[in-house]
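What follows is a single structure, written as C-alpha coordinates, with notes after it.
The values are calculated or read from the model by the stated rules, or taken from the named source; none is laboratory data. Everything numeric here is computed off the predicted structure, so don't read it as measured data. Don't worry about glycine lacking a Cβ; one is built from the backbone with ideal geometry, like all the others, and counts go over all protein chains shown. Each accessible area value is taken on the protein alone, full model and side chains, heavy atoms only, with ligands, DNA and RNA left out. Shrake-Rupley method; radii C 1.70, N 1.55, O 1.52, S 1.80 Å.
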Amino acid sequence: MPIEHISRLVGHKSTTVTEKVYRQQIRPVMDEGATAMDRIFPELIVEPPSGS
(Lines give C-alpha, C1' and ligand atoms only; values in the text may rest on other atoms or scores of the structure.)
Protein backbone atom coordinates (compact mmCIF):
# COMPACT_ATOMS: atom_id res chain seq x y z
CA MET A 1 0.00 0.00 0.00
CA PRO A 2 1.50 3.36 -0.95
CA ILE A 3 2.47 5.65 1.93
CA GLU A 4 0.15 8.32 0.47
CA HIS A 5 -2.85 6.06 1.06
CA ILE A 6 -1.81 5.41 4.65
CA SER A 7 -1.26 9.12 5.20
CA ARG A 8 -4.76 9.97 4.01
CA LEU A 9 -6.25 7.10 5.99
CA VAL A 10 -4.81 8.36 9.27
CA GLY A 11 -5.64 12.00 8.49
CA HIS A 12 -2.22 13.47 7.78
CA LYS A 13 -1.98 16.40 5.35
CA SER A 14 1.25 15.06 3.86
CA THR A 15 3.34 11.91 4.02
CA THR A 16 6.07 13.53 6.11
CA VAL A 17 4.50 12.76 9.49
CA THR A 18 3.34 9.36 8.30
CA GLU A 19 6.85 8.43 7.23
CA LYS A 20 8.44 9.66 10.46
CA VAL A 21 5.89 8.04 12.76
CA TYR A 22 4.68 4.88 11.04
CA ARG A 23 7.17 3.72 8.42
CA GLN A 24 9.36 1.87 10.93
CA GLN A 25 6.33 -0.05 12.21
CA ILE A 26 4.74 -0.63 8.81
CA ARG A 27 7.74 -2.14 6.99
CA PRO A 28 8.14 -5.24 9.24
CA VAL A 29 4.41 -5.97 9.03
CA MET A 30 4.49 -5.73 5.23
CA ASP A 31 7.56 -7.97 5.07
CA GLU A 32 5.95 -10.58 7.35
CA GLY A 33 2.77 -10.54 5.25
CA ALA A 34 4.72 -10.96 2.02
CA THR A 35 6.74 -13.83 3.48
CA ALA A 36 3.57 -15.57 4.65
CA MET A 37 1.96 -15.18 1.22
CA ASP A 38 5.11 -16.58 -0.43
CA ARG A 39 4.85 -19.67 1.82
CA ILE A 40 1.15 -20.10 1.06
CA PHE A 41 1.52 -19.62 -2.70
CA PRO A 42 5.09 -20.67 -3.53
CA GLU A 43 4.26 -21.54 -7.13
CA LEU A 44 3.32 -17.93 -7.83
CA ILE A 45 6.73 -16.46 -6.95
CA VAL A 46 8.00 -14.68 -10.03
CA GLU A 47 11.73 -14.45 -10.50
CA PRO A 48 13.08 -11.29 -12.13
CA PRO A 49 14.42 -11.77 -15.65
CA SER A 50 18.12 -12.56 -15.79
CA GLY A 51 20.44 -9.75 -16.82
CA SER A 52 18.53 -6.98 -15.08
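At a probe radius of 1.4 angstrom, the accessible area of the chain per residue rounds to 89 square angstrom. Quick check: at a probe of 1.4 Å, how many percent of the accessible area of the chain sits on carbon and sulfur atoms? The value for the chain is 60 percent carbon and sulfur by accessible area. Across the chain, the volume of the C-alpha convex hull divided among the residues equals 117 Å³ per residue. Helix 15-40 axis versus longest C-alpha principal axis of the chain: approximately 20°, rounded to the nearest ten. In this Cβ point-charge picture (+1 for Lys and Arg, -1 for Asp and Glu), the chain has a dipole of about 400 debye about its Cα centre.
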